[in-house]
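Could you have a look at this structure, given as structure tokens, before my questions?
The values are calculated or read from the model by the stated rules, or taken from the named source; none is laboratory data. Only a predicted model underlies this, so the values are computations on that prediction, with no experimental measurement involved. A quick note on method: Cβ atoms are made from the backbone with ideal geometry, for glycine too, and the neighbour counts reach across all protein chains shown. To get the accessible areas, we keep the full protein, side chains included, count just its heavy atoms, and leave off ligands, DNA and RNA. Shrake-Rupley method; radii C 1.70, N 1.55, O 1.52, S 1.80 Å.
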Amino acid sequence: MLVLGIETSCDETGVALYHTERGLLAHALHTQAALHAEYGGVVPELASRDHIRRVLPLTRGILREAKSTLSDVGAIAYTQGPGLAGALLVGASIAQGLAYALRVPALGIHHLEGHLLSPLMAKPAPDFPFIALLVSGGHSQLMRINGIGDYELLGETLDDAAGEAFDKTAKLLGLGYPGGPELAALARQSTPGRVKLPRPMLHSGDLDFSFSGLKTAVVMQVKGRTLDATARADIAAEFQAAVVDVLVAKSLTALERCAVSHLVVAGGVGANAELRTRLDKAADRGGFKVYFPPAEFCTDNGAMIAFAGALRLSRSTAAKTTSDGSFSVWPRWELATVSHR
Ligand code: KG4
Ligand code: ZN
């Protein structure tokens, strides 16, 4: 069966066609980064309006690429939450409208479920149970994934998400939005250690995170100073090292406490090269396996939503019900409450 996936939870419009037997046939992404850049962050109303403009042309494009038509689509998966209410409503209404017209099921997918299942698209795929480190612009969580639809929260951020901390620190260093990739690039021009920043909650004994204090420590470094290029790069490198130290240490603790040997890293910060290198090294030493989605599927995309929809269809009879056109979106939604029954 051909599943159309639609992702519109924040500032990226992603669409994809995933075939339950043939795999991913086509996907396309439009990022709104340039649209929001001058405001230094996402403007929700602009995001919604842009999604409206993009979803259908992008969908026509991937249907052409996959040499398919709308009548070949057997189900439509869309991001139902969490995310920006208006942005979610665009994807949900288009998905439900199309599904109603085509008389096919429409499946509301949890955005983070899309992220954490995305490494299963690749071969070799992780075995259940695995630990998922979900690090995006809105979330930082460690979860134990017992199976599809069986998610247990182990720890999460008490304040800013890791990606949010990257974005805010990048802004303090005069970099553009989204700041994560730009800060990582600046960090490559320096070595960490010349500036000292804290590793928040490294020894807290639990699996929670906190990143807002780290951002405040950066504020103290930049306040009242004119920083030259080297000084900015030093701060960027040390900030990145601090975040990576904490993420790596807590991931290792989660693996150990749960006696699990597979770790999946998902979400936009999972594209961070330093995090990948450090986790790869820890895996070599620690005898566990670490899985990253391909970099293009780390950040928001339609493929992960189409794929999660395909998995849901294969497991749940309720998921096969044809859309009646009614729907709601859930801007706030705990992943641990998702089930596939
Ligand atoms: O998963 P995602 O695309 O969107 C959300 O669901 O939030 O994650 C976006 C976040 C942003 O905060 C962005 O700065 C961060 O991921 N990010 C990175 C990198 N690429 C994206 N952070 C650090 N290093 C990167 N290479
Ligand atoms: Zn995301």
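Which of these, THR253, THR157, THR226, has the largest mean-square fluctuation under a Gaussian network model of the chain (Cα springs below 10 Å)?
THR226
How would MET1, MET220 line up by accessible area, probe 1.4 Å, largest first?
Result of the area sort, largest leading: MET220, MET1.
In sequence order, what are the phi-derived ³J(HN,Hα) couplings for the range 95-101 according to the Karplus relation 6.51 cos²θ - 1.76 cosθ + 1.60 with θ = phi - 60°, rounded to whole Hz, with x for glycine and proline?
Per-residue couplings from phi come out as 4, 5, x, 5, 4, 5, 5 Hz.
Another question about this same structure. Mind ranking 6-14, 55-63 by how tightly packed they are, going by the mean number of other C-beta atoms within 10 angstrom, highest first?
Descending mean neighbour count gives 6-14, 55-63.
Moving to a separate point now. What ³J(HN,Hα) values, in whole Hz, does the Karplus curve 6.51 cos²θ - 1.76 cosθ + 1.60 give for the range 322-329 when θ = phi - 60°, with x put for Gly and Pro?
Per-residue couplings from phi come out as 5, 5, 9, x, 8, 6, 9, 10 Hz.
Highest mean first, how do 76-85, 90-99, 121-130 rank when packing is the count of other Cβ atoms within 10 Å averaged over residues? Write down the numbers at each step before the final one.
Details: 76-85: 25.6, 90-99: 22.5, 121-130: 14.8.
Ranked from most to least packed, the peptides come out as 76-85, 90-99, 121-130.
Moving on to the next point. ALA26's amide H: which non-local residues (gap 5+, or another chain) put their own amide H closer than 5 Å, with H modeled 1.01 Å from N in plane and none for Pro or chain starts?
Placed amide hydrogens put LEU17 under 5 Å from ALA26.
If you don't mind, there's one more thing I want to ask. At 1.4 Å probe size, with the rest of the protein present, what percent of the exposed accessible area of the range 160-258 is carbon and sulfur atoms?
54 percent
Further, regarding this structure: In cubic angstrom, how much convex hull volume per residue do the alpha carbon atoms of the chain span?
In the chain, the Cα convex hull volume per residue is 126 Å³.
For the range 162-210, what does the alpha-carbon gyration tensor say about shape, rounded, prolate or oblate, given a ≥ b ≥ c as the root eigenvalues, a/c under 1.5 as rounded, and a/b over b/c as prolate? Before the final figure, lay out each step's value.
Details: a/c = 2.66, a/b = 1.51, b/c = 1.76.
Judged from the Cα gyration tensor, the range 162-210 comes out oblate (a/c at least 1.5, b/c at or above a/b).
Let me ask you something else. When the expected Rg is taken as 2.2 N^0.38 Å, what fraction or multiple of it is the alpha-carbon Rg of the range 72-198?
Details: Rg = 18.7 Å, N = 127, 2.2 N^0.38 = 13.9 Å.
Normalised Rg, Cα atoms only: 1.35.
Helix 212-222 sits at what angle to the longest principal axis of the chain, using alpha carbons and giving 0 to 90 degrees rounded to 10?
Value to nearest ten degrees: 50.
How high is the relative contact order of the range 112-267, in percent, with contacts defined as C-alpha pairs under 8 Å that are six or more residues apart?
Numbers: 275 pairs, mean separation 49.1, N = 156.
That works out to 31 percent.
Grab the Cα-Cα distance for ALA125 and ASP159, subtract it from 0.36 nm times how many residues apart they are, and report the gain in nm with one decimal.
Result: 9.1 nm gained on full extension.
Given the chain, what count of lysine pairs have C-alpha atoms under 29 Å apart, with each pair 8 or more places apart or on different chains?
So the count of such lysine pairs works out to 25.
Once you keep just the Cα pairs under 8 angstrom separated by 6 or more residues, what percentage relative contact order results for the chain?
Relative contact order of the chain: 25 percent.
Turning to a different aspect of this structure: Could you give each residue of the range 42-54 its phi-based ³J(HN,Hα) in whole Hz, using Karplus coefficients 6.51, -1.76, 1.60 with θ = phi - 60°, and x for Gly or Pro?
In residue order, the calculated couplings are 6, 9, x, 5, 5, 4, 4, 4, 6, 4, 4, 5, 8 Hz.
Can you tell which of SER71, SER261, SER48 shows the greatest fluctuation in a Gaussian network model of the chain with Cα springs below 10 Å?
Checking each option, the largest mean-square fluctuation is seen for SER71.
Sticking with this one: Give me the 1.4 Å probe accessible area per residue for the chain, excluding ligands and nucleic acids, in Å².
42 Å²
What share of the DSSP beta bridges in the chain is antiparallel, in percent to the nearest 5? Write out the running numbers ahead of the final one.
On the way: 26 of 44 bridges.
That works out to approximately 60 percent antiparallel.
Here is a further query. Which value, to two decimals, describes the C-alpha radius of gyration of the range 126-292 once divided by 2.2 N^0.38 Å?
The value comes to 1.02.
For the chain, modelled as a GNM with alpha-carbon contacts under 10 angstrom, which of GLY205, GLY176, GLY41 fluctuates the most?
GLY205
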